[in-house]
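What follows is a short report on a single structure.
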Amino acid sequence: MRFTDGFWLLRPGVTAHYGREAYDLERSDDALVVTAPTKVIATRGDTLNLPVLTVTVAPHLPGVIRVRIVHHAGGGEPLRFDVAPADGSGEVRLDAEGGSAVVRSGDLEARVTRGAPWNLEFSAGGVPLTGSGAKSQAWVRLAPDAVVDRPPVGVPIAGSYVHEQLDLGVGTHVYGLGERFGPLIKNGQTVEVWNADGGTSSEQAYKNVPFYLTDRGYGVFVNEPGHVSFEVGSEAVQRVQFSVPGESLEYFVIAGSTPAAILERYTALTGRPAEVPAWSYGPWLSTSFTTDYDEATVDSFLDGMRDRDLPLSAFHFDCFWMREFDWSDFTWDARVFPDPEGMIRRLHDRGLKVSVWTNPYIAQRAALFAEAAEAGYLLKRPDGSVWQWDLWQAGMGIVDFTNDDAVAWFQEKLRAVLRQGVDALKTDFGERIPLDVVYADGSDPARMHNLYTERYNAAVHELLEQERPGEAVLFARSATAGGQKHPVHWGGDSTSTFSSMAETLRAGLSLSLSGFGFWSHDIGGFEGTPDAAVFKRWTPFGLLSSHSRFHGSDSYRVPWLFDDDEDAEGSAVRVTRRFAKLKNRLAPYLIEAGREAAASGLPVMRPMVLAFPDDPTSAYLDRQYLLGPDLLVAPVFTESGEVELYLPAGTWTSLLTGERVTGGGWRRERHGFESLPLYVREGAVLPMGAREDRPDTDHLDGLTLRAFPGAAGTRTVRVGDATFTVETTDDAVVASGPDGSWSLQVGDAVAAAEGGTATLPR
């Protein structure tokens, strides 16, 4: 949100009161409290009739410092995100003369200098990172006729705002801010953090996260769950501005020597992703949304997959597993699914897991509506009536997840579905949450708007952990900060085009840089029906994402519908078969990457800037990524198969052909439908399972450790509870691990382990 008219002027109707100096520096409760009047105090009379900002700077976690700016504190502590408590390990130090103060936490230091102009500087290891300088912190008043940018649709312009501006150094790139479909680098953009159901082809986003990451040693998390407006080198081109309505603003500066280190500290603050079950990494197939289906239709899909040797791990029933106009009553439509328990049992007998769709809205015709309304479980209007509208479902109400009894009620209704045998839940929607409502716990509706989805997904994920311990997995669309704790998330309603495929990838990369470890998308696109080329190019991309789902809107996504000759080279069936089997063989590698996400916050799908932070070219790459630590994937966005990609320095090996390529530059390649650039990093050791049909097997049985060219050294590989060591010398590659039926592969040569050791010449 923009308040200024160029460098010198304010927009009409805007009055800004900037913190002009650090007048007092005081230590209080292990924090530094700074009085920042909005004019320089020269005489006692200057202290009168004057807004004053109180700025608290405190150590929080190692490498993390909290800053809070308050104008009027009488409104009490506003609703904020749940974050890890301060660990008490930092320090606050004032110099003897009181001319400056330092707040230190780990390697991060914040320094405030007394007097004018206002100056708050952040550094790590003596290296400046960013800072809040003159005219950075402000309390802003808007007149009723103020001429300012409009906030997102449905958000009223408030009377007062607090903003902060942090310096943006030369060459610093800004990433993150949730799942965003535009350019990966956010410099020059206005980003409104406000969840919306706007598809993938607009500036709106389903997953808004007020956290940005830089490639210059720091990130910033704005601990405000309501509307946050970011001006990223846009209004003030030398700074990142973030503003919130109201009387206070809180943010954390997070230091890290690499983007990965920043993510590790950010997720220590806001929560790490949960681990997901092994079966979830395999392909998921859906009924699609508005298509006609019953059990016979489902069986025809599954028989078709089996007969064509197409691996499948899960089958998903979308909205119409329930009767139309009754969503969500969590009751199978008996007209098409008369025996749900028997059907689920039969699907389990096929070796499949079962997923069903849900949302937090209760249609008026649903039997549960009256029950929920009478019990007070739905959001209410200020007059006490149930909030309702007809967008999506006729007369629908919205479950109030601030009401503990409503949460328990909602969970019990879903528990009955899980006890029918359902394994996973797709938690759709949760973005269009109104403001003209009253919450049971009295929460501010504007601050609950984005946070609603966190409460919704947390309730369902908690239920799954109770009913499916060690196997809990969601398929969620909406999220905000902290939502990474409840995986998996998918990219929302894309169109069936190459452009939409590219914007979907950009969103996934952006989400990965916002602390989310697992991500998926609708293979082929959601809206419309993809032509054969789009479907066949999207399929390898989808099957080389952390999670993979074939899903559409009004048309099916079974691959044999996309070619006249499904056995011909390059057919959709052959493309699906090749990459579905490859993904299942990569399961031990992906599962370990998922464990790393849960342990450190490092995502399974890694943007190039995250994997190669010292390579300047990697800063700009948004059409390729690393899957796990060692696999470079460059999806093909053309029918012809032409693709440009960048390989960082080193020797790279095509996993599909074995070709070795020297990196350090751009490449142009052409690929058939059954191929794409898929390169293995120098010195990598890929653990590959023997089974191609499913990902949830005993991976040690027939495991192959594929070692790729690299410098001499040692790599450690974990598979399940087993640990392998692969040592490369000038002459040989030697693998050591538990005794068993595993082997070592170097190039085309394979050596079976004997007594827990396998050796091959280099």
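The values are calculated or read from the model by the stated rules, or taken from the named source; none is laboratory data. Model, not experiment: these values are computed from the prediction. Glycine gets a Cβ as well: all are built from the backbone with ideal geometry, and neighbour counts include every protein chain shown. Surface areas here come from the heavy atoms of the whole protein model, side chains and all, with no ligands, DNA or RNA. Shrake-Rupley method; radii C 1.70, N 1.55, O 1.52, S 1.80 Å.
Taking only the stretch 499-518 into account, find how many residues are under 20 Å from Glu639 (Cβ atoms) and open to solvent by 10 Å² or more (accessible area, probe 1.4 Å). Talk me through it step by step, then tell me what you get.
Filtering the stretch 499-518 down to residues under 20 Å from Glu639 (Cβ atoms) leaves 499-505.
Checking which are open to solvent by 10 Å² or more (accessible area, probe 1.4 Å) leaves us with 499, 502-503.
Number satisfying all stated conditions: 3.
No other residue among Trp652, Trp666 is aromatic (Phe, Trp, Tyr) and open to solvent by less than 10 Å² (accessible area, probe 1.4 Å) apart from Trp652. Within the stretch 233-249, can one find any residue that is of a type in the set (S, T, N, Q), open to solvent by less than 10 Å² (accessible area, probe 1.4 Å), in a strand (DSSP E or B) and within 26 Å of Lys485 (Cβ to Cβ)? No, the stretch 233-249 has no match at all. Restricting attention to the stretch 351-376 and to residues that are farther than 21 Å from Arg323 by Cβ and assigned to a loop (DSSP other than H, G, I, E, B), the residue that is nearest to the chain's Cα centre (by Cα) turns out to be Leu352. Of the helices (runs of 4 or more DSSP H) entirely within the stretch 427-546, those holding at least 3 residues that are charged (D, E, K, R) and touching a helix residue (DSSP H, G or I) at 6+ places or on another chain (Cβ under 8 Å) occupy 445-467.
Residue pairs whose Cβ atoms lie under 7 Å apart, sitting 6 or more positions apart in sequence or on different chains, and linking a residue in the stretch 534-560 that is of a type in the set (A, V, I, L, M, F, W, C) to a partner that is open to solvent by 10 Å² or more (accessible area, probe 1.4 Å), are Val534/Ser496; Val534/Thr497; Val534/Phe498; Phe535/Phe562; Val558/Phe301; Trp560/Arg308; Trp560/Glu566. Here Gly217 does not qualify as at positive phi and modelled with pLDDT under 95.
Pairs meeting the criteria (first residue in the stretch 461-475 and in contact (Cβ under 8 Å) with a residue 40 or more places away in the chain, second residue assigned to a helix (DSSP H, G or I) and open to solvent by 40 Å² or more (accessible area, probe 1.4 Å), beta carbons under 7 Å, at least 6 apart or on different chains) are Ala472/Glu465.
When you check Ala599 against the structure, is it at pLDDT 95 or above, open to solvent by 30 Å² or more (accessible area, probe 1.4 Å) and not in a loop (DSSP other than H, G, I, E, B), yes or no? Spelling it out, Ala599 is indeed at pLDDT 95 or above, open to solvent by 30 Å² or more (accessible area, probe 1.4 Å) and not in a loop (DSSP other than H, G, I, E, B). Taken together, Arg111, Arg80, Arg68 contain a single residue that is touching a strand residue (DSSP E or B) at 6+ places or on another chain (Cβ under 9 Å), closer than 30 Å to Thr402 by Cα, open to solvent by 50 Å² or more (accessible area, probe 1.4 Å) and among the charged types (D, E, K, R), which is Arg68. Name the single residue, out of those in the stretch 211-232 being touching an Asp or Glu at 6+ places or on another chain (Cβ under 9 Å) and assigned to a loop (DSSP other than H, G, I, E, B), that is surrounded by the most Cβ atoms within 10 Å (Cβ to Cβ). My answer is Pro225. Note on the stretch 95-134: residues that are farther than 22 Å from Val170 by Cα and either part of a strand (DSSP E or B) or among the polar types (S, T, N, Q) (or both) total 9. Gly442 meets all of the listed conditions (1) on the phi < 0 side of the Ramachandran plot; (2) open to solvent by 20 Å² or more (accessible area, probe 1.4 Å) but one, namely (1).
Within the stretch 6-18, residues that are free of Cβ contacts under 8 Å to residues at least 24 places away in the same chain have Cβ atoms under 6 Å from residues that are surrounded by 10 or more Cβ atoms within 10 Å (Cβ to Cβ) in these pairs: Leu10/Thr4; Leu10/Ala16, counting only partners at least 6 apart in sequence or on another chain. Check whether at least one residue in the stretch 721-729 is over 36 Å from the mean Cα position of the chain (by Cα) and surrounded by fewer than 15 Cβ atoms within 10 Å (Cβ to Cβ), and report yes or no. Yes - at least one qualifying residue is present in the stretch 721-729. Checking the structure you have, find out if any residue of the stretch 17-28 is within 30 Å of the chain's Cα centre (by Cα), at pLDDT 95 or above and part of a loop (DSSP other than H, G, I, E, B). Taking every residue of the stretch 17-28 in turn, none turns out to be within 30 Å of the chain's Cα centre (by Cα), at pLDDT 95 or above and part of a loop (DSSP other than H, G, I, E, B). Scanning the stretch 550-588 for residues that are assigned to a helix (DSSP H, G or I) and open to solvent by 10 Å² or more (accessible area, probe 1.4 Å) returns Trp560, Leu561, Phe562, Arg574, Arg577, Arg578, Lys581, Leu582, Arg585.
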